Amino acid sequence: MAALTDGPLLWFLNRGTGIVLLVVLSVSLALGMVSTGASAGNRVPAFVPQNLHRNLSILGLALVLAHALTAVVDTFVDIRWWQALSPWGATYEPFWLGLGTVAFDLMLVVALSTAVKSRLSVRAWRRVHLLGYAAWPVAFVHGAGIGTDAGEAWARWIAAGCLTLVLAALVARLTRGLRARGGPVRVPELARRGVR
Ligand code: HEM
């Protein structure tokens, strides 16, 4: 057991899950944005990105648990179990680790709200769900700040890809939101414009 907790395996797993987690969360977030408010007539039915978004989010939760667990169990640095949940009190890289903790807490709140979705109003659930948007940049900065591999070219390419994907999905979401606000021109509006 000591060989496992003292050796480099857990630390490698922590780093590996961190990178994979960032990719999974980025794709999940992008799919969530793309599927929200998707209109009928799209080439891909809305349930496809919605289901993918949900399944990737569940995978993300499993990965973040593994990521935090490997950091805690590994003895290479001193991270206590409660420091995976509380953004205060860490001795190892307190600021960068605290950001990871905040992202983890936000993910847990979003997951919990989804578990009790039937008891919440749609509006309340949506508001809580929006915290998922906040979790992503916080997690992104955590990885860039604390990661051993963050300075490597391959890790930078992955991070740049994730950033591009999320920004592109955000632009698509905002554009669709603005178009929907402009909306189809209603009949009274046409009458006001003198169109018969
Ligand atoms: C949504 C939540 C999280 C995401 C997306 C995330 C992602 C990442 C990423 C991308 C890295 C960089 C890996 C590398 O470049 O080597 C990393 C490193 C790290 N994360 Fe997280 N993390 C999250 C939450 C947490 C939590 C809750 C903990 C608390 C125990 C934690 C502990 C660490 C540690 C200790 C490292 C440094 C590993 C190293 O030295 O490379 N992370 N994380």
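So that you can scan it fast, the table gives a plain yes or no per residue for (1) over 23 Å from residue 36 (Cα atoms); (2) within 12 Å of the ligand (Cβ to nearest atom); (3) among the small types (Gly, Ala, Ser):
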residue	(1), (2), (3)
119	no, no, no
124	no, no, yes
133	no, no, no
139	no, yes, yes
168	no, no, yes
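Within the stretch 73-118, being among the β-branched types (Val, Ile, Thr) and surrounded by fewer than 19 Cβ atoms within 10 Å (Cβ to Cβ) holds for 73, 75, 77, 91, 102, 109, 114, 116. Checked against the criterion of being buried (at least 20 other Cβ atoms within 10 Å of the Cβ) and free of Cβ contacts under 8 Å to residues at least 60 places away in the same chain, the stretch 2-14 has no qualifying residue. Among the residues here, residue 32 qualifies as crowded, with 20+ Cβ neighbours inside 10 Å and modelled with pLDDT under 95. Each residue in the stretch 141-166 was checked for being of a type in the set (A, V, I, L, M) and within 8 Å of the ligand (Cβ to nearest atom), and 5 of them qualify. Looking only at the stretch 144-168, which residues are assigned to a helix (DSSP H, G or I) and either surrounded by fewer than 13 Cβ atoms within 10 Å (Cβ to Cβ) or within 13 Å of the chain's Cα centre (by Cα) (or both)? Answer for the stretch 144-168, where residues must be assigned to a helix (DSSP H, G or I) and either surrounded by fewer than 13 Cβ atoms within 10 Å (Cβ to Cβ) or within 13 Å of the chain's Cα centre (by Cα) (or both): 153, 154, 157, 160, 162, 163, 164, 165, 166, 167. For residue 125, the conditions (1) more than 16 Å from residue 14 (Cα to Cα); (2) touching a helix residue (DSSP H, G or I) at 6+ places or on another chain (Cβ under 8 Å); (3) assigned to a loop (DSSP other than H, G, I, E, B) all hold with the exception of (3).
Taking each residue of the stretch 58-82 that is more than 8 Å from the ligand (Cβ to nearest atom) and looking for partners that are of a type in the set (Gly, Ala, Ser) with beta-carbon atoms closer than 7 Å, six or more apart or interchain, yields 61/111.
Being aliphatic (A, V, I, L, M), modelled with pLDDT under 95 and assigned to a helix (DSSP H, G or I) is a property that holds for residue 4.
The values are calculated or read from the model by the stated rules, or taken from the named source; none is laboratory data. Only a predicted model underlies this, so the values are computations on that prediction, with no experimental measurement involved. Neighbour counts run over all protein chains shown; Cβ positions are idealised from the backbone, glycine included.
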